[in-house]
1. When the accessible area of the chain is split by element with a 1.4 Å probe, what percent falls to carbon and sulfur?
2. How large is the dipole of the chain about the Cα centre if only Lys and Arg carry +1 and Asp and Glu carry -1, each at its Cβ, rounded to the nearest 20 debye?
3. Based on the alpha-carbon gyration tensor of segment 16-76 and its eigenvalue square roots a ≥ b ≥ c, which shape applies: rounded if a/c is under 1.5, prolate if not and a/b is larger than b/c, or oblate?
4. So if a site counts as exposed when it's one of the trypsin sites (Lys or Arg not before Pro), its DSSP state isn't H, G, I, E or B, and it has at most 11 other Cβ atoms within 10 Å, what's the longest stretch of the chain without one?
5. Under a GNM of the chain (C-alpha, springs under 10 Å), which listed residue has the highest mean-square fluctuation: Gly27, Gly72, Gly83?
6. Using +1 at the Cβ of each Lys and Arg and -1 at the Cβ of each Asp and Glu in the chain, identify which of Asn95, Ile39, Gln107 lies farthest towards the dipole's positive end.
7. Can you tell which of Ile99, Ile14, Ile54 shows the greatest fluctuation in a Gaussian network model of the chain with Cα springs below 10 Å?
8. Which distance in nm do the two modelled labels at Glu48 and Phe109 give, with both placed 7 Å along the Cα-to-Cβ direction?
Amino acid sequence: MTITPRGESFLPNISIDELNDLYQKEGDPKAKIRLLAAILRKEGRTLEEVSFTIKHPLTTVGDWLRRLHTEGISRKNNKKQSGRPKRLADKQIENLKPILFKSPQEQGF
């Protein structure tokens with residue numbers, strides 16, 4: 001596991017003022033809490049202190065901060081997950097729609 005630096009070594013290309021500005025402008029609550037963790041880490045707090053302050057598990061906070069430091073500030077947001085692939089093709093879904101919208105009596109029941 002990589003140790004995430006703290007203080008000025010954490011996110012060296014972004015100042016604490018820039019982090020504060022991003023925090024103030026952020027609308028997504030999950031991204032906002034990650035930015036708060038980054039601000040605290042930039043101030044030189046330990047992972048334990050950050051975890052205790054923002055009331056999130058230590059391992060979670062460590063993962064957030066590691067991703068922010070290694071992948072950049074854009075990782076304040078969740079990655080989109082594609083989910084399970086469709087079982088039916090688009091054409092099959094289109095053919096099924098009219099059948100589903102018919103009443104049971106129209107279907108012969």
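1. Carbon with sulfur: 53 percent of the solvent-accessible area.
2. 520
3. Taking the square roots of the gyration eigenvalues as a ≥ b ≥ c, segment 16-76 is rounded.
4. Numbers: sites that count: Lys55, Lys79, Lys80, Lys86, Arg87, Lys102.
The longest such stretch corresponds to 1-54.
5. Gly83
6. Gln107
7. Checking each option, the largest mean-square fluctuation is seen for Ile99.
8. Rounded to a tenth, the inter-label distance reads 6.2 nm.
The values are calculated or read from the model by the stated rules, or taken from the named source; none is laboratory data. If you're wondering where the values come from, they're calculated on a predicted model, not measured in any experiment. A quick note on method: Cβ atoms are made from the backbone with ideal geometry, for glycine too, and the neighbour counts reach across all protein chains shown. Protein only, heavy atoms only, side chains kept; ligands, DNA and RNA dropped before computing areas. Shrake-Rupley method; radii C 1.70, N 1.55, O 1.52, S 1.80 Å.
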